[in-house]
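Remarks on the structure that follows.
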Amino acid sequence: MLMSMKVIRAYVMCLTAICLMGCSTVSVQMVINVKDHGAIGDGKADDYAAFVKALEITKAQGGKPVTIQIPQGTYRLGTFDVDKPSKEGGNLTIENMANVSIVGENQPLLLMGNPYRHGIFVSNSKNITVQNVRIDYSPMSQTQGTIVAVTPDKHFIDVKIAPGYPLPTESWIDFNQAKKIVPTKNVGYIFDAKTGRKLNQFYDQYMWKNVTQDLGNGVYRFTTSNEVEPEMVGNIFTIVSRRKADGVKIDNVAGCLMEKVVIYHAPACGWNVSNSKDVVINNSHIARRPNTDRMMSTNADGLHS
């Protein structure tokens, strides 16, 4: 049976009204800019509190979609107090949250201030996205310098530490400690000073439970458990202090996208994924930080899962 034009018009008007009502109930996704909560982004100020505030506001939304914006800049996240041992955790922690996106503008640099903690730690969460950011640590959990002398029969390697790098006696490098804050492995790797390539003809140098000797003028003596050769002199010696602190740690997460994330340094792995599903790492990489003479980036695997 054919419907009259009046009935059809009334039907169409009802559908239109329903559609408009539906549109009016659609909420705009919340966007939080870290600079609106005190972040400076100059690489000097500690912006940790601003990031924590942004995350607290996000968590209060109860799982509604939220985007946290990070404008271009360098953001220092926390500082390290050598007198206060640190528990495992994150310099930036996303925990017990859902439907959160952290998005950088022109790849801001996140400078992680605590070498005993993960850079970004995503835990017990779902549908988390991190896009377009770079990760580095200050202080670093490695140091380097030029090999100036060796004593093969005693397994001595004498290294002049390069300017701008931590001394091996600094607490977070973990030499010379009767009791380490956390278990670490001090290992040295040898690189060609000109090409930056790792020289695999030499053994990696293991220095567990060792004490380094300060010879003066920035030169330190390391005693290794491996073979030492005269040809090592003149090359670069990089010493890492490896611990359980990854550039990005993802644990017990359902749905996580890491996209255009660059890691310059981590005390352990670049990415470490555990007890999680639907994790995607896309168009991301690990690299030596540009415009530096660093020989290494992360202290352990690029990706561990």
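The values are calculated or read from the model by the stated rules, or taken from the named source; none is laboratory data. What you see is a predicted model, and the numbers here were worked out from it, not measured in a lab. When we count neighbours, we look across all protein chains shown, and the Cβ atoms used for this are built from the backbone with ideal geometry, even at glycine.
Could you go through the stretch 161-168 and let me know if any residue there is buried (at least 23 other Cβ atoms within 10 Å of the Cβ), in the same structural domain as residue 279 (by TED's automatic domain parsing) and touching a Phe, Trp or Tyr at 6+ places or on another chain (Cβ under 9 Å). Break it down into steps so the answer makes sense when it comes.
Going through the stretch 161-168, the residues buried (at least 23 other Cβ atoms within 10 Å of the Cβ) turn out to be 168.
Okay, now just the ones that are also in the same structural domain as residue 279 (by TED's automatic domain parsing), so none.
No: the stretch 161-168 contains no residue that is buried (at least 23 other Cβ atoms within 10 Å of the Cβ), in the same structural domain as residue 279 (by TED's automatic domain parsing) and touching a Phe, Trp or Tyr at 6+ places or on another chain (Cβ under 9 Å).
If you go through the stretch 165-178 one residue at a time, do you hit one that is out of contact with any Pro (no Cβ under 6 Å at 6 or more places or on another chain), closer than 21 Å to residue 48 by Cβ and not hydrophobic (A, V, I, L, M, F, W, C)?
Here is the first cut: in the stretch 165-178, the ones out of contact with any Pro (no Cβ under 6 Å at 6 or more places or on another chain) are 165, 167-171, 174, 176-178.
Restricting the remaining residues to those that are closer than 21 Å to residue 48 by Cβ gives 171.
Filter once more, so that each one left must be not hydrophobic (A, V, I, L, M, F, W, C): 171.
Yes: the stretch 165-178 contains one or more residues that are out of contact with any Pro (no Cβ under 6 Å at 6 or more places or on another chain), closer than 21 Å to residue 48 by Cβ and not hydrophobic (A, V, I, L, M, F, W, C).
Given the criterion farther than 19 Å from residue 297 by Cβ, part of a loop (DSSP other than H, G, I, E, B) and modelled with pLDDT under 90, identify the matching residue among 202, 175.
On the way: 202 fails: modelled with pLDDT under 90.
Testing whether each residue is farther than 19 Å from residue 297 by Cβ, part of a loop (DSSP other than H, G, I, E, B) and modelled with pLDDT under 90 leaves just 175.
Only one residue in 255, 196 is touching a residue at least 60 places away in the same chain (Cβ under 8 Å) and outside any strand (DSSP E or B). Which one? Write out each step before concluding.
Values: 255 fails: outside any strand (DSSP E or B).
Of the residues listed, the single one that is touching a residue at least 60 places away in the same chain (Cβ under 8 Å) and outside any strand (DSSP E or B) is 196.
Looking only at the stretch 286-305, decide whether some residue is over 30 Å from residue 171 (Cα atoms) and surrounded by 17 or more Cβ atoms within 10 Å (Cβ to Cβ). Before you say what the answer is, go through the steps one by one.
Within the stretch 286-305, the subset over 30 Å from residue 171 (Cα atoms) is none.
The answer is no, given that none of the residues of the stretch 286-305 is over 30 Å from residue 171 (Cα atoms) and surrounded by 17 or more Cβ atoms within 10 Å (Cβ to Cβ).
Counting only residues that are without any contact (Cβ under 8 Å) to a residue 60 or more places away in the chain, of a type outside the set (A, V, I, L, M, F, W, C) and not in a loop (DSSP other than H, G, I, E, B), which one in the stretch 207-229 is surrounded by the fewest Cβ atoms within 10 Å (Cβ to Cβ)? Walk me through it before giving the result.
Going through the stretch 207-229, the residues without any contact (Cβ under 8 Å) to a residue 60 or more places away in the chain turn out to be 207-217.
Adding the requirement that they be of a type outside the set (A, V, I, L, M, F, W, C) leaves 209-210, 212-214, 216-217.
Right, trim to not in a loop (DSSP other than H, G, I, E, B) and you get 213-214, 216.
Working: 213: 15, 214: 13, 216: 6.
Per the stated criteria, the residue is 216.
Restricting to the stretch 56-86, give me the number of residues that are out of contact with any strand residue (DSSP E or B) (no Cβ under 9 Å at 6 or more places or on another chain) and at pLDDT below 95. Quick ask: steps written out before the conclusion?
Going through the stretch 56-86, the residues out of contact with any strand residue (DSSP E or B) (no Cβ under 9 Å at 6 or more places or on another chain) turn out to be 56, 60, 80-86.
After this cut, where a residue has to be at pLDDT below 95 as well, the list is 80-86.
Qualifying residue count, the stretch 56-86: 7.
Which of the numbered conditions does residue 218 fail, given that it passes all the others? Conditions: (1) over 30 Å from residue 274 (Cβ atoms); (2) at pLDDT below 95; (3) out of contact with any Ser or Thr (no Cβ under 8 Å at 6 or more places or on another chain).
(2) is the only condition that residue 218 fails.
Could you check how many residues of the stretch 10-49 are closer than 30 Å to residue 110 by Cβ, among the β-branched types (Val, Ile, Thr) and at pLDDT below 95?
Quick first cut of the stretch 10-49, residues closer than 30 Å to residue 110 by Cβ only: 27-49.
Restricting the remaining residues to those that are among the β-branched types (Val, Ile, Thr) gives 28, 31-32, 34, 40.
Checking the rest, the ones that are also at pLDDT below 95 come to 28.
Of the residues in that region, 1 qualify.
Among the strands (runs of 3 or more DSSP E) contained in the stretch 79-153, which hold 1 or more residues that are of a type in the set (Ser, Thr, Tyr)?
Numbers: elements: 90-95, 98-104, 109-112, 118-137, 142-151.
Output list reads 90-95, 98-104, 118-137, 142-151.
Quick check on my filter: what residues within the stretch 93-126 are at pLDDT below 95 and either polar (S, T, N, Q) or farther than 21 Å from residue 298 by Cα (or both)?
114
Being outside the structural domain of residue 249 (by TED's automatic domain parsing) and surrounded by 19 or more Cβ atoms within 10 Å (Cβ to Cβ) narrows it down to one residue among 204, 174; which is it?
Details: 204 fails: surrounded by 19 or more Cβ atoms within 10 Å (Cβ to Cβ).
Of the residues listed, the single one that is outside the structural domain of residue 249 (by TED's automatic domain parsing) and surrounded by 19 or more Cβ atoms within 10 Å (Cβ to Cβ) is 174.
Is the stretch 229-246 home to any residue that is at pLDDT 95 or above, under 16 Å from the mean Cα position of the chain (by Cα) and more than 30 Å from residue 153 (Cβ to Cβ)?
Yes, the stretch 229-246 contains at least one residue that is at pLDDT 95 or above, under 16 Å from the mean Cα position of the chain (by Cα) and more than 30 Å from residue 153 (Cβ to Cβ).
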